[in-house]
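Everything below concerns the one structure shown next.
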Amino acid sequence: MKATTGSRAARWPKPVPPDDVTEIFRRFAEANPHPNTELHYKNPFTLLIAVVLSAQATDAGVNKATPALFAKADSPEKMLALGEDNVRELIKTIGLYRTKAKNVIGLSRALIENFGGKVPRAREALETLPGVGRKTANVVLNVAFGEPTIAVDTHIFRVSNRIPLAPGKTVREVEDGLEKIIPEAYKLHAHHWLILHGRYICQARKPQCWRCLIADLCRWPKKTALPG
């Protein structure tokens, strides 16, 4: 995945200093000590499936489709037995559902054949599975196995470039930058705090700066005023 900040990047302010980075995450932690994914899942396998289905779709949309799917298949073996046609029918409300159904069956088969039916706890192994890229692997490692990975989605990309924390022209640049600057004490939950911040406060079209708990530390030059 490649994203760009456009020509505005050259005019963006310098990243906030280390002390402010620490304070930003201290406030996030104080406000929400135990953040988690908003995707519904039962175990590492269903988490993996939910994250694969969430590509170019909303978590809410995925959560509407997965209860029926996971009731029938909450393991690679059951998913493979369910079959691609049935999976496709159960997830047809989700964007790109045909390709995703094919990937769900493909990764289920690969888990059985290559990993004994278990979700591997290694990024490189996860990325061998159909439909699984670096972002998906990072989410699974973080949520299922407690690894301090940072899965950069569109929200994190936007927030990191706006504040700015670790500005970059690509998702990987932002991920690597965040890995370097976020204090170890906050890395486990960092990507959830940033996703939630981008989803509900620092929104794309009109960020709610009047509600932002880090507005005084943010250097974005176009802060929005109180509505009305």
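Listed here are the helices (runs of 4 or more DSSP H) enclosed by region 29-97 that have at least 1 residues being more than 30 Å from ILE214 (Cα to Cα), within 21 Å of the chain's Cα centre (by Cα) and modelled with pLDDT of 95 or more: 44-53, 59-72.
Filtered by the rule that a residue be touching a Ser or Thr at 6+ places or on another chain (Cβ under 8 Å) and of a type outside the set (A, V, I, L, M, F, W, C), region 199-223 gives LYS206, PRO207, GLN208. Considering the conditions (1) surrounded by fewer than 16 Cβ atoms within 10 Å (Cβ to Cβ); (2) in contact (Cβ under 8 Å) with a residue 12 or more places away in the chain, ASP59 is excluded by exactly one of them, (1). For region 63-98, residues that are within 18 Å of GLY133 (Cα to Cα) and touching a residue at least 12 places away in the same chain (Cβ under 8 Å) total 2. Picking from residues in region 192-210 that are part of a helix (DSSP H, G or I) and over 18 Å from the mean Cα position of the chain (by Cα), the one that is farthest from VAL16 (Cα to Cα) is TRP210.
Annotation: ILE112 fulfils all but one of (1) touching a Phe, Trp or Tyr at 6+ places or on another chain (Cβ under 7 Å); (2) within 19 Å of ALA137 (Cβ to Cβ); (3) open to solvent by 40 Å² or more (accessible area, probe 1.4 Å); the unmet one is (1).
Within region 192-221, can you find the residues that are surrounded by fewer than 16 Cβ atoms within 10 Å (Cβ to Cβ) and closer than 17 Å to PRO15 by Cβ?
Going through region 192-221, the residues surrounded by fewer than 16 Cβ atoms within 10 Å (Cβ to Cβ) turn out to be 200, 203-206, 208, 210-211, 213, 216, 219, 221.
Correct list: ASP216, ARG219, PRO221.
The residues of region 75-109 that are closer than 14 Å to SER54 by Cα and open to solvent by 20 Å² or more (accessible area, probe 1.4 Å), listed by number, are LYS92, THR93, GLY95, LEU96, TYR97, ARG98, THR99, ASN103.
The values are calculated or read from the model by the stated rules, or taken from the named source; none is laboratory data. Just so we're clear, the structure is a prediction, and the values are computed from it rather than from any experiment. A quick note on method: Cβ atoms are made from the backbone with ideal geometry, for glycine too, and the neighbour counts reach across all protein chains shown. Surface accessibility is based on the protein's heavy atoms, side chains included, excluding ligands, DNA and RNA. Shrake-Rupley method; radii C 1.70, N 1.55, O 1.52, S 1.80 Å.
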